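Input: a single structure, listed below in structure tokens.
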Amino acid sequence: MFSELAHRWWRYSPWISNPLVRLPDRIERAAFAVGIAVLLLLVPVAATIGSVTYSDLSLRAQQQRAEYVRVDARVVDSVRTERSETDGAVPASGTATVQWSAPDGSIRSGSAQVPSAVQIGETTPIWRDADGNRVRAPETAAGAVVNGTATAVFVWFLGAVVVGGLVYVTTRAGERSRMRQWDRDWQHFLQDRDHPSR
């Protein structure tokens, strides 16, 4: 099976010395071969970009885990939930104003996502930085892996779309060129048939 495909590819390769293979055919097949080579070369490029993205996110996650502190914040007003119009399910979380202590002892307040069952006066965990400002939860190692992998796949997929588009355009141009050439050859054949003395 593989040897048959390889033999067929060799017979249709752009460097074959068959005089019946026209220039548009050679260009089309060369574009296809170059496209496959570029797709193969995109694999290590995409892997490198994904690895760099993972390293950056992993380093950022380590810095955030070293700088951010998880503290308990007190809920000071009722939880505001956004109910969906389509279903009657109760949301699992909502928004409320919470208060927490900064490292200098001052009380800070802000809006945060809290479980919908939390009542006024209860506490909920939040993250704050060294200055006492509320921040998002630090990135996780799993998130860095997922984002790095997604970046690599997206880069390769984007490259594949571009290469596939160029090969498709080249193929369509080759088909149009072949059809025009066949039309000209057919017209010459008809003229030679109708006027054999020419």
Practice task
Determine whether the stretch 138-160 contains at least one residue that is closer than 30 Å to L23 by Cα and open to solvent by less than 40 Å² (accessible area, probe 1.4 Å).
Solution key: yes
Completion exercise
Within the stretch 119-172, restricting to residues that are in a helix (DSSP H, G or I) and at pLDDT below 85, the one that is nearest to R74 (Cα to Cα) is A141
Problem - Any chance A173 is surrounded by 12 or more Cβ atoms within 10 Å (Cβ to Cβ), of a type outside the set (S, T, N, Q) and under 29 Å from A37 (Cβ atoms) - result: yes
Exercise for the section: Test S58 against the stated conditions and say whether it is under 30 Å from L158 (Cα atoms) and either modelled with pLDDT of 85 or more or open to solvent by 30 Å² or more (accessible area, probe 1.4 Å) (or both). Expected result: yes
Exercise for the section: Select from the stretch 78-105 the residues that are at pLDDT below 85, in a loop (DSSP other than H, G, I, E, B) and open to solvent by less than 40 Å² (accessible area, probe 1.4 Å) and list them in ascending order. Expected result: V79, P91
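The values are calculated or read from the model by the stated rules, or taken from the named source; none is laboratory data. Quick caveat, the model's predicted, so the values are computed rather than measured. Reconstructed Cβ throughout: ideal geometry from the backbone, glycine too, with neighbour counts over all protein chains shown. Ligands, DNA and RNA are stripped out before the accessible areas are found, and what is left, the full protein with its side chains, is counted by its heavy atoms. Shrake-Rupley method; radii C 1.70, N 1.55, O 1.52, S 1.80 Å.
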